[in-house]
Amino acid sequence: MNGNEDKLKMAAAESAVALVTDGMVVGLGTGSTSTFAVNAIGRRVKEGLRIVGVPTSERTAAQARGLGIPVVTLAEQPSIDVTIDGADQVEEGSLNLIKGYGGALLREKIVASASKKLAIIVHESKLASRLITDAPIPVEVVRFGWQATVRHLEKLGAQPGMRMNPDGQAFVTDGGNHILDCRFAPGTAADRLAEALDHVVGVVEHGLFIGMTTEVHVAGASGVRVLR
C-alpha cells in the first residue's frame, strides 16, 4: 500500500463517515481500510459528535476505546443505524461482497445484518465485474472436526486451505474458530454458492455478503464516487 492509496482510502472513509449524525448507533468495521473510518469517527467524537459504536472485532474495539468512542454490544443496542466497513471485493452492479480477509467475517456479518444501512469503503482496485474469480472465499469453521468440514466443502467444488499465522500455527478468530480460504471455479454464481455454504455442517459463516450493501464509497484517482 502506497501513500497515495492511503490518501484515497482516507477520502472514501471521510465520505462514508459523513453519514454519521448525533445520536446514532454505528457499526465499526475491521481491517486496514476500516481503520481510516474509525479514526475519522474518533476525530468527530472529540469535536462533540455523540454516538455509540458496535465494533466488529476485539482489534476495532481497542482502537475505538483509544479514540474515545463509546463502545456498546449488540445486546445493549440491537439495532444499528449505519455500519461502515471495508471489503475485499465488490461486484459492480449487485454490490455483493467478499469479506473476511481480516479474519472478522462472522462478527462483521452479524453487525451488518443488524444495520439499517451498510456503507462500504474501498479502493477502486477492489471492484470486479464478477464476484467469484480466482480470489478465495473465507469460510469460518468450527475447530472440532474441521477435516470433515473440508470434505463437505470439496464436494461443493472448493479447494480449501487452512489460514495460518506467521508463526505457522492455524489462525483462530475472535470466536475461537478456524478459517478455510476456499477457491472456487471462476464464474461460480455467488448467490447459489452462498446458499450452499449456509447448509454445510461445521461452517459457522462465510465471506459472501449477498444483498446486504446499501452503498459503496469508491476511492480512485479522480476522487470518491458512491455506488448505490
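FYI, it's all coordinate maths here, none of it is from the lab. All of these numbers come straight from a predicted model, not from anything done at the bench. Note that each Cβ is placed from the backbone with ideal geometry, even for glycine, and that neighbours are counted across all protein chains shown.
Inter-label distance, residue 124 to residue 167: 4.2 nm, where each label sits 7 Å from its Cα along the C-beta direction.
Say R0 is 30 Å: what FRET efficiency, to the nearest 0.05, do residue 228 and residue 76 get from their beta-carbon distance? Present the calculation step by step, with values, prior to reporting the outcome.
Details: r = 30 Å, r/R0 = 1.01.
It comes to 0.50.
Around the Cα centre of segment 56-113, unit charges on the Cβ atoms of Lys, Arg, Asp and Glu (plus for the first two, minus for the last two) sum to a dipole of about 240 debye.
The orientation-averaged shadow of the Cα convex hull for segment 137-206, equal to a quarter of the hull surface, comes to 4.7 nm².
Taking the Cα centre of segment 137-206 as reference, the dipole from Cβ charges on Lys and Arg (+1) and Asp and Glu (-1) amounts to some 260 debye. Taken about its Cα centre, the chain carries a charge dipole of about 200 debye when Lys and Arg each add +1 at the Cβ and Asp and Glu each add -1 at the Cβ. Students often get this wrong, so check it: of 99/126; 7/109; 7/116; 46/126, which have C-alpha atoms separated by over 23 Å? Check vs 23 Å cut-off fails for 7/109; 7/116; 46/126. When the alpha carbon gyration tensor of the chain is reduced to an equivalent ellipsoid, the three semi-axes, largest first, read 29, 20, 16 Å.
How large is the helix-only mean residue ellipticity at 222 nm for the chain, computed as the sum of -39500 (n - 2.57) over DSSP H runs with n ≥ 4, divided by its residue count, in deg cm²/dmol to the nearest 500? Don't skip to the end; give the middle numbers.
Working: 6 runs with 67 residues, N = 228.
It lands at -9000 deg cm²/dmol.
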